[in-house]
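A short worksheet on the structure shown next.
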Amino acid sequence: MFLGKVIGSVWSTQKEEGMENLKLLIVQPIDWKENEGGPTVIAADRIGAGMGERVIVSRGTPAKNIFAHKNVPIDAVIVGIVDSYEVQEG
Amino acid sequence: MFLGKVIGSVWSTQKEEGMENLKLLIVQPIDWKENEGGPTVIAADRIGAGMGERVIVSRGTPAKNIFAHKNVPIDAVIVGIVDSYEVQEG
Amino acid sequence: MFLGKVIGSVWSTQKEEGMENLKLLIVQPIDWKENEGGPTVIAADRIGAGMGERVIVSRGTPAKNIFAHKNVPIDAVIVGIVDSYEVQEG
Amino acid sequence: MFLGKVIGSVWSTQKEEGMENLKLLIVQPIDWKENEGGPTVIAADRIGAGMGERVIVSRGTPAKNIFAHKNVPIDAVIVGIVDSYEVQEG
Amino acid sequence: MFLGKVIGSVWSTQKEEGMENLKLLIVQPIDWKENEGGPTVIAADRIGAGMGERVIVSRGTPAKNIFAHKNVPIDAVIVGIVDSYEVQEG
């Protein structure tokens, strides 16, 4: 998983089967000093993440499997909203 | 998933089993300021994306699974055409 | 897998199903000269890795499968704590 | 998938189960201006790609699944030889 | 798959289930001019690769599946020792 910050939303009407009724958020990966790192990711959100919140994003088949019995072509999901973190560097 | 812009098409006659009758588009990943980001991706399209349109691309097994009961060796699929997006940075 | 150094922990109350009771550590990928390499990864830990320890991190579905019969949306796991390593370069 | 150019072949006698009788080609990812992009990939080829040809390479489990009923540890496959492509940039 | 050079070994006592009795090698990705490329990878080896040898490394679920009926959380495997290769560039 990686740490990210929710910076936006995206809407799509014309889409693949299985994409109905999904909230899609734009997540900027950040490091633990809040610097941006790498390109933004579009992730599905079922837990109510809001603009500006720090989130944990999981990718690939493990992430997709939150939709266990449906064929949802999603490769990134917000799996947690960050309460706090503690980092010791150096 | 990532945001991309459709910039082209590619055709292939000599191909693997399962690749028949697929529309393959060339997608340039872009960021939310429309800057190019990273190498182009070849993605299958079943939803009618057109040249220049902004699309959402999913990858890996979750994307492949739109072909649920067929053995299609596709690792990237256009899963949505973008209507609009909203980004708040900083 | 990649070599990493545990540099922190992250806590989340609002999370996806399957994320309950997981210890999530922040891992900095490092090379064999102890230089940092690439962005940090959030990995689940079941083997008791501690702050500052060198660990082996596995990703994707193979990593997720340590939770064989549960639907845990985890894409990175600490699979070993490093006792020692030997490198011959050049 | 990505666009690549076949630049070589590799041979191996001592190998894992499932790797027997596979033709392994070295593919240089290229962009649509024929510039090299990123490190070379070793991909299995069953469709007769030749030196210098432009090919479409798929990766991961979707690619592996062309060997549907065999346990072949291949993570990249040439899925098409490019006839032509059309790109509109800017 | 990618071409790599075996540069070391790593040992771990405290580890996840399924990691028992695995030989773990440190592999430096290289290009066809023997230049280093990208961060080192820790890969399982069952075919007897030795220090300094050129190897082919496969990743993800296709690689994991050499352990077909066991739950081994391995995401990289040495699938071949390189005998020779031939490259034509330009």
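Key figures
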item: Residue within the stretch C:10-25 that is facing chain E (nearest Cβ under 9 Å) and more than 13 Å from the chain's Cα centre (by Cα) present; result: no
item: Condition met for A:I81 (part of a strand (DSSP E or B), over 18 Å from C:R59 (Cα atoms), at pLDDT 95 or above and within 12 Å of chain B (Cβ to nearest Cβ)); result: no
item: Condition met for E:I47 (under 10 Å from the mean Cα position of the chain (by Cα) and not hydroxyl-bearing (S, T, Y)); result: no
item: Failed condition for C:V79, given (1) under 12 Å from the mean Cα position of the chain (by Cα); (2) closer than 28 Å to A:E53 by Cβ; (3) of a type in the set (V, I, T); result: (2)
item: Any pair with Cβ under 8 angstrom, 6 or more apart, that starts in the stretch E:78-90 at a residue that is under 13 Å from D:M19 (Cβ atoms) and free of Cβ contacts under 8 Å to residues at least 24 places away in the same chain and ends at one that is surrounded by 11 or more Cβ atoms within 10 Å (Cβ to Cβ) and of a type outside the set (S, T, N, Q); result: E:D83/D:W11
item: Counted residues, the stretch C:24-63 - those being farther than 24 Å from C:E86 by Cα, charged (D, E, K, R) and open to solvent by 20 Å² or more (accessible area, probe 1.4 Å); result: 1
item: The lone exception for C:I66 - which of (1) farther than 12 Å from A:M1 by Cα; (2) facing chain A (nearest Cβ under 9 Å); (3) surrounded by 21 or more Cβ atoms within 10 Å (Cβ to Cβ); (4) free of Cβ contacts under 8 Å to residues at least 24 places away in the same chain it fails; result: (2)
item: Within the stretch A:28-39, tally of residues that are in contact with a Lys or Arg (Cβ under 7 Å, 6 or more places away or on another chain) and either within 7 Å of another protein chain (Cβ to nearest Cβ) or under 22 Å from A:S12 (Cα atoms) (or both); result: 1
item: The stretch B:6-29 residues that are of a type in the set (K, R), paired with ones that are surrounded by fewer than 21 Cβ atoms within 10 Å (Cβ to Cβ) and assigned to a loop (DSSP other than H, G, I, E, B) (beta carbon under 9 Å, 6 or more apart); result: B:K15/B:L22; B:K15/D:I47; B:K23/B:R46; B:K23/B:G48
item: Residues satisfying the stated conditions in the stretch B:54-78, i.e. in a strand (DSSP E or B) and among the polar types (S, T, N, Q); result: B:S58
item: Meets criteria (touching a residue at least 24 places away in the same chain (Cβ under 8 Å), in contact with a helix residue (DSSP H, G or I) (Cβ under 9 Å, 6 or more places away or on another chain), under 18 Å from C:E16 (Cα atoms) and more than 9 Å from chain C (Cβ to nearest Cβ)) for A:I42; result: no
item: Matching residues, the stretch B:1-23, being at positive phi and exposed (fewer than 15 other Cβ atoms within 10 Å of the Cβ); result: B:N21
item: Positions within the stretch A:45-63 being aliphatic (A, V, I, L, M) and either facing another protein chain (nearest Cβ under 8 Å) or more than 21 Å from C:L25 (Cβ to Cβ) (or both), in sequence order; result: A:I47, A:A49, A:M51, A:I56, A:A63
item: From C:V77, C:V57, C:V72, C:V87, residue being of a type in the set (A, V, I, L, M) and within 21 Å of A:E89 (Cβ to Cβ); result: C:V57
item: Breaking point among (1) open to solvent by less than 20 Å² (accessible area, probe 1.4 Å); (2) not in a strand (DSSP E or B), for E:E89; result: (1)
item: Within the stretch D:1-45, tally of residues that are of a type in the set (F, W, Y), closer than 26 Å to B:T40 by Cβ and at pLDDT 95 or above; result: 1
item: Selection status of B:A76, more than 8 Å from chain A (Cβ to nearest Cβ), among the aliphatic types (A, V, I, L, M) and open to solvent by less than 20 Å² (accessible area, probe 1.4 Å); result: yes
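The values are calculated or read from the model by the stated rules, or taken from the named source; none is laboratory data. Everything numeric here is computed off the predicted structure, so don't read it as measured data. Every residue, glycine among them, receives a Cβ derived from its backbone with ideal geometry; neighbour counts consider all protein chains shown. Note: areas computed on protein heavy atoms with side chains; ligands, DNA, RNA excluded. Shrake-Rupley method; radii C 1.70, N 1.55, O 1.52, S 1.80 Å.
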